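Some notes on the structure that comes next.
The values are calculated or read from the model by the stated rules, or taken from the named source; none is laboratory data. Computed from a prediction, not measured in an experiment: that's the story for all the values here. No Cβ is skipped: glycine too gets one built from the backbone with ideal geometry, and neighbour counts run over all protein chains shown. What goes into the accessible areas is simple: the full protein's heavy atoms, side chains included, and nothing from ligands, DNA or RNA. Shrake-Rupley method; radii C 1.70, N 1.55, O 1.52, S 1.80 Å.
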Amino acid sequence: MERRLLELKEQTIRQIKQAAVLDELEKIAVRVLGKKGELTDILKGVGKLSVAERPVVGKIANKIKTEIKRVMEEKKGKLGIEAREKSLKDDVVDTSLPGKRSVIGRAHPLNIITSEIVQIFSRLGFSVKEGPDIEDEYHNFEALNIPADHPARDMHDTFYMKNGNVLRTHTSPAQIHIMKKTKPPVKIIVPGKVYRCDSDITHSPVFHQIEGLFVDRSVSVAELKGVLGFFLHELFGHNKKIRFRPSYFPFTEPSTEVDVQCVKCDGSGCNLCKNTGWIEILGAGMVNRNVFRSVGYDPDEVTGFAFGLGVERIAMLQYEIHDIRLFYENDLRFLKQF
Ligand code: DAH
């Protein structure tokens, strides 16, 4: 029995000294000193030994237990320090290395202008809606009081599709969709892409418009002037003069175009405003009774005003951009300026 104990002691201490990580020590401790460990077993069996052997074996076993524990603690301390040192070494931060620059994207100028405009109208209680990019001629023209033989159709440079549908030439057809599925009052703005077969430094075959529509029981021209005047002052500054010029659109009667004092020369005349002192910003008018009829509204019951504006045009004025194509080329040198 004594031999077995001594062997166990030597073997265990050897293993402890060889252990390279704390985990291994833990396993050795369980195997030898644990509840079912080898040394524990021997100690449990002491009672069964002869009276003569009992005190001798018990004493040796306890001494060995103490010794193993001591060696174990010593090694634990050593391994702990080594582990700490290793992790300190591995985790070293080289503060002289260059940092990682995180690149933050930014909004496209057309989106910046669109959200500015949307925000102004939201504050006046308009909600944002959408309409489809592909329309039939009925929604793009007829329902808006532009019959097939109407000269206004020529101005639209329409892209026709093989099946007779069109790419919408303006956001106005969204008025029809929304009024058809909503009972008045309607108070909406509709931002979206529009398409015209036209291309030069101020025209792109795809560009962006924002449509507005306010219909209720007694909406008047005064409200049109109030809302659009407020909008233009918010966008261009309260010091700017605004004028409403009579105009013509098939879907409104009366119709108006709204100008703001030239953003560049403040009205004294320059190349931007072609020496008129004014810049045209939007088209608007009181919704034509025929439009109400085509959506099933009673023109004796409701009135309303509508307006439409070009986002690129406003962005070009605000940021003094002279070539519309810059918006679509995704040249970072351009985009990073906003
Ligand atoms: N749809 C017109 C265009 O594309 C813009 C417009 C003018 C919209 C007057 C309107 C409006 O709603 O009342 O040129």
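Here are a few things to note about the model shown:
- Stretching the chain fully between Asn290 and Asn271 yields a gain of 2.9 nm (0.36 nm per residue, less the alpha carbon separation).
- Hz values of 3J(HN,Hα) by residue in the stretch 172-177 - Karplus curve (6.51, -1.76, 1.60), Gly and Pro given as x: 4, x, 4, 3, 5, 4
- Heavy-atom accessible surface of the stretch 164-239: percent carbon and sulfur, 1.4 Å: 56
- With the alpha-carbon atoms of the stretch 2-90 aligned to their principal axes, the span from lowest to highest coordinate is 58, 18, 15 Å, starting with the largest.
- Cross-link table Lys35/Lys75; Lys9/Lys48; Lys17/Lys78; Lys9/Lys78; Lys225/Lys274; Lys9/Lys65, entries beyond 18 Å C-alpha to C-alpha: Lys35/Lys75; Lys9/Lys48; Lys9/Lys78; Lys225/Lys274
- In the chain, the longest principal axis of the Cα atoms and the axis of helix 53-90 are about 30 degrees apart.
- The charge dipole of the chain, taken about its Cα centre with unit charges on the Cβ of Lys, Arg, Asp and Glu (plus for the first two, minus for the last two), comes to roughly 3120 debye.
- Annotation note: trypsin sites (Lys or Arg not before Pro) in the stretch 258-315 located in DSSP loop regions with a Cβ neighbour count of at most 16 within 10 Å are Lys264, Lys274.
- In the chain, a dipole from Cβ-located charges (positive for Lys and Arg, negative for Asp and Glu) runs towards its positive end, and of Gly192, Val92, Ile134 it is Val92 whose Cα lies farthest in that direction.
- Taking the C-alpha atoms of the stretch 137-232, convex hull volume expressed per residue in Å³: 128
- Reported to the nearest whole Å, the Cα centre-to-centre distance from the stretch 307-338 to the stretch 156-217 is 20.
- When Leu110, Leu6, Leu49 are compared by accessible area of protein heavy atoms, the largest-first order is Leu6, Leu49, Leu110, using a 1.4 Å probe.
- Here Lys336 is the anchor, and the aspartates and glutamates within straight C-alpha reach of less than 19 Å, apart from those fewer than 8 places off in the same chain, are Glu116, Glu312, Glu320, Asp323.
- Residues of the stretch 272-297 with an amide N closer than 16 Å to a point placed 7 Å from the Cα of Asp216 along the Cα-to-Cβ direction: 287.
- Folded to 0 to 90 degrees: helix 2-18 orientation relative to the chain principal axis, Cα: 30
- Here the contact order of the chain, divided by its residue count and restricted to Cα pairs under 8 Å and six or more residues apart, works out to 14 percent.
- Per residue, the accessible area of the stretch 209-338 comes to 48 Å² when a 1.4 Å probe rolls over the protein heavy atoms.
- Each peptide in 90-103, 122-135 gets a packing score, the mean of other Cβ atoms within 10 Å over its residues, and the list from highest to lowest is 122-135, 90-103.
- 10 °C / 1.306 mPa s Stokes-Einstein diffusion coefficient of the chain, Kirkwood radius on C-alpha pairs, µm²/s: 59
- Between Arg106 and Ser199, the simple spin-label model (points 7 angstrom out along Cα→Cβ) gives 2.8 nm.
- Accessible-area composition of the stretch 65-117, carbon plus sulfur, in percent [1.4 Å probe]: 55
- Computed on protein heavy atoms with a 1.4 Å probe, the accessible areas place Lys17, Lys193 in the order Lys17, Lys193, largest first.
- Taking Cα atoms only, the orientation of helix 22-33 departs from the longest principal axis of the chain by about 40 degrees.
- Highest to lowest packing among 142-153, 322-333, scored as the average C-beta count within 10 Å: 142-153, 322-333
- GNM flexibility winner over the chain from Gly267, Gly237, Gly80 (Cα, springs under 10 Å): Gly80
- Placing unit charges on the Cβ atoms of the charged side chains and taking the dipole of the stretch 1-139 about its Cα centre, the candidate lying farthest along the positive direction among Val103, Gly80, Val30 is Val30.
- Excluding ligands, DNA and RNA, the accessible surface per residue across the stretch 2-90 is 73 Å² with a 1.4 Å probe.
- Accessible-area ranking of Phe244, Phe141, largest first, probe 1.4 Å: Phe244, Phe141
- Under 5 Å from the amide H of Ile281 lie the amide H atoms of Val258, Asp259, Val260, each residue being 5 or more positions distant or on a separate chain, with H modelled from the backbone and absent for Pro and chain starts.
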